[in-house]
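The structure appears below as structure tokens.
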């Protein structure tokens, strides 16, 4: 007996992947995707062309369809997820303004974000659940308008990464609360677009056509005949609105239902818990309204986790990020006294954080530099998880590690050692796509639980040399805290 198939598409801040999952077993029957050709510009810009997005989408879906063969006719629905924030601004004809999108790692609005935070940070946190940060759509748009005034009149609509994929596939526009809220554009109290957030960035809310906000798992529309033909899929397959990739990943492993904290080892250092709506709001990095009045998604994030390792591999000419981690693991924890500040794309805790080596000496080589980066990347996840736990967020002793970095068991073991307890490892790097496929299944009447497309995780125990890890982690936290004045000085010099 044939079973239903659901396709999940995940567009991250470095790549796009499409995966076809079998309902019931959760088996990935077909998978395709690859890196996206983001263009890194002077001043921190990070852009991606409209052509590159369309090509990556068609190539991934076309490959999945080819791998499925005759079973392509068992595909019941498609769901989309993607990285949050960034800027997907469309003109009156539905084309990306300037022919390109901006990633959430775009840093050109850094000075604008710092200035806005000093004047309106507290009020914005109270309204939308986060303070200003460079990757927000409104701040990127304001920075773009300042540099290219003509783009202001061209911008008519605003979407998020997953919604732009949905628009390409169906010609329809909508979003869900999780993306709008994570971007700091949704009022937590009302669940509607925040005029204060747009006003603070100097944008006229009335001049932009914002997409309707619908529940995750809502059918956006049928697959366009032209896209079906190009991708080799049956025309008319329903395409569903998903959620931001973080929430999709939590759903994929059931952490949203259990209230379990997750650490996502992706481009961003993402750490999150779904918990009850708390007032007054806990002083965490972000509070997200995802459409449930009684629950919130709580975040402690930094713009760079595996991005630090990607930078290391590129700069020290390792053949790959994996090769850099292999080299790092050839030397002991602590890198012979060398430390790294893992903020290659900046950070907000402490404010204005930036990257750099501390304690670098002539005898250190690239293996110790690599180890310092890997240690710091994992320690930053542990630091953020600890900040959530201080507010009673998360289940004591239970954390799941997701994302591309979690494919390497050594990194998950390092996290478990810093935390002092086992960590569940869901390291197939398909949790985002799996969550998107779950929303596709929900759009066709399936229950919302992960049992529809179950994920399989293993448990990783901490290293037996626990005290050494505890000592390193304590000193890492002290170093980051003590660097706050230096971060402020460097940010002031570059303003």
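Can you name the residue in the range 453-474 that is free of Cβ contacts under 8 Å to residues at least 12 places away in the same chain and part of a helix (DSSP H, G or I) and is also nearest to the chain's Cα centre (by Cα) among such residues? Give the derivation first.
The initial filter retains those residues of the range 453-474 that are free of Cβ contacts under 8 Å to residues at least 12 places away in the same chain, namely 464, 467, 471, 474.
This time we only want the ones that are part of a helix (DSSP H, G or I), so: 467, 471, 474.
Working: 467: 32, 471: 30, 474: 27 Å.
Here the answer is 474.
Can residue 475 be described as within 25 Å of residue 309 (Cβ to Cβ) and assigned by TED's automatic domain parsing to the domain that holds residue 359? Before the answer, list the steps.
Working: within 25 Å of residue 309 (Cβ to Cβ): yes; assigned by TED's automatic domain parsing to the domain that holds residue 359: yes.
For residue 475, the condition - within 25 Å of residue 309 (Cβ to Cβ) and assigned by TED's automatic domain parsing to the domain that holds residue 359 - is met.
The condition (being touching a residue at least 24 places away in the same chain (Cβ under 8 Å), part of a loop (DSSP other than H, G, I, E, B) and closer than 17 Å to residue 270 by Cα) is satisfied by just one residue among 432, 394: 394.
The values are calculated or read from the model by the stated rules, or taken from the named source; none is laboratory data. Everything numeric in this text was worked out from a predicted model, so none of it was measured. Heads up, the Cβs are rebuilt from the backbone with ideal geometry, glycines too, and the neighbour counts pull from every protein chain shown.
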